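*Asks:* Structure below; questions to follow.
The values are calculated or read from the model by the stated rules, or taken from the named source; none is laboratory data. Because the structure is predicted, anything quoted here is derived from the model rather than measured. Accessible surface areas use protein heavy atoms only, side chains included; no ligands, DNA or RNA. Shrake-Rupley method; radii C 1.70, N 1.55, O 1.52, S 1.80 Å.
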Amino acid sequence: MMKKYFILASTLILSACATTQPAPPLTLTPTAVVTAQPWANGKALNLTSVDNAPNSYIAAIDSGTENVTVIQPQHPISVTLRQALVQQLTDQGFSITNHATSTMVITVEKALVMVKQGLLKYNMRSKLQLQLTVNTPDGQFIKHYTGRSSREDALTVSDKDIATSMNKLMNSVLNEIANDSELNKYLTENI
C-alpha cells in the first residue's frame, strides 16, 4: 500500500516539474511627452496604430540548451503606443477624432527584447522600430523612428529589467516624435 502512495506522489511531483507555467504578461507604461505650450490649436487628427512586427511577444529569453522563454505584453505594443501618442498629441493641442480628414498611422515594425541568459550574467539587446505616416488632403509625410539599447548585468534578468528597457525605448521614440521639427512643420502647414 505504501508503495502505491509513493508511486502516486512521485508521479504527481514529476508531472508538476514537467509542466512549466507561461511567463505572466508584461505591463508596459510609456510616458507621453508633456508640451509646455499647446501649438496645434484644436486641429483634428485621426490616429490609428498597426502592429506589423514579425513576433507577437515582447521578449525572448534564451537560457541555452534550446530553452527559450517568450514573454507577451499585457496589451499589444501598438495599442500601448497609440494610447501614449493620443495623450501626447492632445497635450500639443490636437483634437483626436475618428472623423478627421487627416490621419496619422503609427506602424510598429519591430519591438523586441532579446536576452542571452548565462549562469552568472545576462546580455540584453532591445529594439523598437516604428513608421509614422501622416495623410492629409495636401499630401503625405512618412518617417521611421528607431530606438536601440543593450545592457549586460550580473545574475538573472527580471521582468522589471525587460519592461524598463522597452519603456525607455518607447519614451525615447515618443520624445523624438514630439520634438521632430520636420514632422511638426508638416502638421502645422498641412492640417
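*Asks:* Please indicate, with yes or no, whether at least one residue in segment 172-180 is more than 30 Å from Asn123 (Cα to Cα) and open to solvent by 60 Å² or more (accessible area, probe 1.4 Å). Before the answer, list the steps.
*Replies:* At the first step, the residues of segment 172-180 found to be more than 30 Å from Asn123 (Cα to Cα) are 178-180.
Then keep just the ones that are open to solvent by 60 Å² or more (accessible area, probe 1.4 Å); that gives 179.
Yes, that holds for at least one residue.
*Asks:* Would you point out the residue of segment 130-152, among those that are basic (Lys, Arg) and more than 27 Å from His99 (Cα to Cα), that is least open to solvent (accessible area, probe 1.4 Å)? Give the steps one after another, and end with the answer.
*Replies:* The initial filter retains those residues of segment 130-152 that are basic (Lys, Arg), namely 143, 148, 151.
Then keep just the ones that are more than 27 Å from His99 (Cα to Cα); that gives 148, 151.
On the way: Arg148: 165, Arg151: 95 Å².
The selected residue is Arg151.
*Asks:* Does Thr80 qualify as being closer than 21 Å to Gln131 by Cα and within 12 Å of the chain's Cα centre (by Cα)? Even if it seems obvious, please write down each step before you answer.
*Replies:* On the way: closer than 21 Å to Gln131 by Cα: yes; within 12 Å of the chain's Cα centre (by Cα): yes.
Yes.
*Asks:* What single numbered condition from (1) within 27 Å of Asp62 (Cα to Cα); (2) of a type outside the set (A, V, I, L, M, F, W, C); (3) in a helix (DSSP H, G or I) fails to hold for Gln129?
*Replies:* Just one mismatch for Gln129, condition (3).
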